[in-house]
Amino acid sequence: MDLTPSERQTLTEQTFAALFDSELVTDLRRMGQRDLGAGFEAAADDASADARGAVWQTLCDLGALRLTPELTPGSGLADQVVLARHIGGALYQSPWADTATVVDIAAATGRTDIVARLADGEAAAVAVRAEAVDEPDRPGPVDVTTEPGRARAVRRFVAFAPDVRWLLLAGTGTGGETTLLLVPADHEGISWHRHDDMGRGDFYQVDFDGVPLADAVDLGGPDAGAVWAGALLRSRIRHAAYLLGMAGAALEETSGYMRTRRQFGRSLASQQAPAFRMADAATEREATRLLVEEAAWLADTDRDARLAALEALACAAELARRVATDAVQLHGAVGMTEEHDAQLFYRRAAVDSLLLGRPTELRRLAAPLIVARACA
């Protein structure tokens with residue numbers, strides 16, 4: 001049955017609505033988080049690990065990684081944006097975003113076998129940063145000269161490294177060429193330890209210590225640079241949708257709390273200054289939603305979506321940080337307690353808003369595109 005894009009997005013919304021039901025969101029938001037200072041080897045307890053595995057498999061069974069034209073004709077990035085908003089609203093930490101990026105790369109290089117395995121639940125993580133301050137547009141170095149036929153690299157802030165089946169090592173060779181190597185995460189040449197971060201997430205430093213190239217799947221080839229750029233563009237649109245969902249959920253929670261919190265004899269929501277802050281944020285959320293959906297439409301229709309993707313991510317990241325800050329302030333002291341979600345939105349926004357580009361980097365990339373558009 002052929003569906004219009006609007007009908008398909010509605011179907012996607014209905015498919016995943018039950019998984020991200022409001023009754024489950026509280027558990028999803030804290031699933032797998034670690035306490036600050038828990039240490040490099042901190043791992044989730046068995047019950048948490050089992051629950052995360054069950055949710056991940058359910059997500060895959062519902063088709064979260066089949067929202068591509070290669071696997072589901074007519075679907076595309078617009079459908080993934082719908083799912084990403086759900087994931088952001090639930091603050092659900094999972095390998096979905098990285099796995100979707102690897103699906104894009106495998107599809108672009110004709111590796112339908114890899115696409116099918118990932119779609120069935122073989123999670124992947126993307127390893128791109130050699131240093132914490134690196135940007136994904138410039139993958140860290142990969143050394144294949146010290147020991148020819150082997151890859152050596154260090155990657156930081158790799159999500160869910162112990163939990164995935166594959167690691168995508170994105171790197172830059174000595175000649176400036178881009179390398180995309182898909183490596184089994186349990187390879188004996190790979191080791192990891194966990195980072196502590198204020199979002200209490202699952203990020204790791206991963207050491208690729210002389211991994212034989214024969215044990216890796218080359219997903220790049222001579223066009224690796226273009227393949228990586230295309231996959232990163234789509235990743236940024238999905239991440240913008242994730243941050244938009246996060247901001248929307250924080251806004252709804254704060255607005256609900258303001259209707260019950262009373263100051264000076266009346267609800268906080270009825271007082272002009274805080275009510276205007278929420279109205280301003282709601283307006284910005286709607287504008288950002290349109291930006292994200294336009295970027296997804298441009299990408300799905302093979303138009304130039306580079307500037308739209310950068311604009312969508314920059315606006316969504318700023319919105320998520322601002323709304324999360326407002327959430328803590330408007331909740332008052334209770335918003336800073338462990339029992340309340342306001343501080344959790346703030347922590348996650350601080351980390352997640354920077355994952356695919358800091359504000360200065362996004363502006364640097366957007367500037368020449370804006371000039372080119374103005375001169376066209």
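The values are calculated or read from the model by the stated rules, or taken from the named source; none is laboratory data. None of these values were measured; they are calculated from a predicted model. Ideal geometry is used to build each Cβ from the backbone, glycine not excepted, and the neighbour counts take in all protein chains shown. Accessible surface areas use protein heavy atoms only, side chains included; no ligands, DNA or RNA. Shrake-Rupley method; radii C 1.70, N 1.55, O 1.52, S 1.80 Å.
Remark: region 236-376 carries a charge dipole of roughly 340 debye about the Cα centre, counting +1 on each Lys and Arg Cβ and -1 on each Asp and Glu Cβ. Across the options Cys60, Ala49, Leu365, the greatest Cα extent toward the positive end of the charge dipole of the chain (unit charges at beta carbon of Lys, Arg, Asp, Glu) belongs to Leu365. Seen against the Cα atoms of the chain and their longest principal axis, helix 5-17 is set at about 80 degrees.
For the chain, the longest principal axis of the C-alpha atoms and the axis of helix 306-331 are separated by about 40°.
Projecting the Cα atoms of Gly76, Leu356, Ala249 onto the charge dipole of the chain, computed from C-beta unit charges around the Cα centre, puts Ala249 farthest toward the positive end.
Computed over region 72-165, the range of Cα coordinates on each principal axis works out to 45, 30, 25 Å, biggest value leading. Taking the protein heavy atoms of the chain in the context of the full set of protein chains, the accessible area attributed to carbon and sulfur is 55 percent at 1.4 Å. Assuming a viscosity of 1.002 mPa s and a temperature of 20 °C, what translational diffusion coefficient in µm² per second does Stokes-Einstein assign to region 266-376, Rh being the Kirkwood radius over Cα pairs? In µm²/s, the coefficient rounds to 135. Here region 167-281 was treated as a single set of alpha-carbon atoms; its pair distances binned every 10 Å from 0 give 11, 23, 24, 15, 13, 11, 3, 0 percent. Taking all protein chains as they are arranged and a probe of 1.4 Å, the heavy atoms of Glu339 leave approximately 150 Å² accessible to solvent.
Between the helical axis of 77-89 and the longest alpha-carbon principal axis of the chain there is an angle of about 60 degrees. Its alpha carbons considered, region 275-327 gives a radius of gyration followed by a Dmax of 12.6, 41 Å. Excluding ligands, DNA and RNA, the accessible surface per residue across region 111-171 is 39 Å² with a 1.4 Å probe.
Summed over the residues of region 327-376 and divided among them, the accessible surface reaches 52 Å² per residue at a probe radius of 1.4 Å.
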